[in-house]
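The values are calculated or read from the model by the stated rules, or taken from the named source; none is laboratory data. Since the structure is predicted, the reported quantities are computational estimates derived from the model, not experimental observations. We place every Cβ from the backbone using ideal geometry, glycine too, and count neighbours over all the protein chains shown. Heads up: the accessible areas ignore ligands, DNA and RNA and are worked out on the full protein's heavy atoms, side chains in. Shrake-Rupley method; radii C 1.70, N 1.55, O 1.52, S 1.80 Å.
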Amino acid sequence: MRSRNPVFSRRGFSRDNGYAGFNTAPQAGGPAVATQANPYAQPTGNPYAQNPYAQNPYAQQDLQHGAPPQAPAVAGRMTIDDVIMRTASTLGVLIVTAALSWALLPVDDANINRSYGIGIGAALIGMVLALVQSFKRKASPALILTYAAFEGVFLGVISSIVDNRIADGAAMQAVLGTMAVFAGVLVAYKAGWIRVNRRFYGFVMAAALGFILLMAVNLLFAVIGGGDGLGFRSGPLGVIFGVVGIILGACFLALDFKQVEDGIAYGAPREEAWFAAFGLTLTLVWIYMEFLRIISILNSND
């Protein structure tokens with residue numbers, strides 16, 4: 001499954017995964033299995049060259065989020081329980097390391113520079129690990145959990161700084177906001193209020209690309225001229241861009257839900273559940289950071 005995370009993109013299902021119901025000859029004495037083309041088969045050349053929905057045989061149905069007919073049940077295929085368990089494991093590691101870094105890395109005047117440095121270092125390591133996993137054809141549970149551990153250290157330090165030095169209770173507010181967005185998008189997706197189709201995908205990807213480019217330009221100006229660059233991350237503009245970031249995160253959650261649903265319907269291998277956990281974790285971290293940034297801006301302007 002390819003992640004819809006606005007920062008990272010991972011490879012889709014590989015053509016040699018051998019999903020149940022796709023490119024599989026009927027077995028002697030066994031149930032007949034459909035032989036239509038695997039909708040996740042990777043084209044030769046650049047795996048990112050085309051829309052991941054382009055080969056979906058249900059495109060004529062406008063790719064409404066309703067799941068296509070289920071593939072024959074085969075042992076070793078991904079289920080929703082697999083996705084829930086892998087996501088819970090990944091988020092659990094992240095939360096535990098965040099709590100430990102909050103408790104063990106103080107952010108008082110005497111220690112804030114050291115703690116902040118450790119947090120930034122953990123963030124850079126986590127980014128490298130996420131990039132490595134993004135370009136691997138197969139999910140690596142150890143790599144994903146290690147990424148979650150380092151990301152948790154960074155989130156623990158940043159959350160502690162904001163909560164203790166800028167806005168008391170900011171971390172809990174950001175957690176509640178992230179949970180609310182996740183629950184709201186899930187309900188809207190299951191109720192059919194969000195239509196995940198090619199037009200939706202194209203709009204979200206274009207918006208995310210523009211958002212990331214603006215943030216990169218702002219960072220470049222900040223490095224060159226100091227301060228906050230063009231002001232996209234502070235003051236009223238910072239709040240506006242933070243809200244836009246949360247909306248984008250919500251859109252990517254819907255795309256991730258679609259990928260999970262289709263992966264289960266098409267009989268994806270069980271190990272692909274780790275990719276789902278990875279993508280969902282990336283998106284939730286994105287949303288949490290945007291909430292934390294907005295809370296920080298609003299309280300620093302009081």
Equivalent ellipsoid, region 227-273 (semi-axes from 5 times Cα gyration tensor eigenvalues, Å): 37, 10, 5
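If I compute solvent accessible area with a 1.4 Å probe over the protein chains, what percent of it on region 71-132 is carbon and sulfur?
Accessible surface attributable to carbon and sulfur in region 71-132 totals 75 percent.
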Mean accessible surface per residue for region 130-176, computed with a 1.4 Å probe while every protein chain stays in place, in Å²: 43
Need one number: the % of Cα-Cα pairs in region 132-282 sitting beyond the 26 Å mark. 39
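Note the per residue figure in Å³ for the convex hull of the C-alpha positions in region 84-154.
Convex hull volume per residue, Cα atoms: 65 Å³.
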Net charge (Lys, Arg +1; Asp, Glu -1) of residues whose beta-carbon lies under 12 Å from that of VAL107, VAL107 excluded, is -1
Cross-link reach list, lysines versus LYS258, counting only Cα pairs under 18 Å and skipping chain neighbours closer than eight places: LYS190
Regression test value, accessible area per residue of region 196-292, probe 1.4 Å, units Å², expected 38
How are the alpha carbon pair distances in region 263-302 distributed across 10 Å bins from zero to the largest one, expressed in percent? 26, 28, 21, 15, 8, 1
Once the convex hull of the C-alpha atoms of region 108-198 is built, how many Å³ does it hold per residue, rounded to a whole number? 137
Add +1 for every Lys or Arg and -1 for every Asp or Glu among the other residues with Cβ under 11 Å from the Cβ of SER234, and state the total. +1
Would you work out what percent of the accessible area of region 192-260, with all protein chains in place, is carbon or sulfur (probe 1.4 Å)? 78
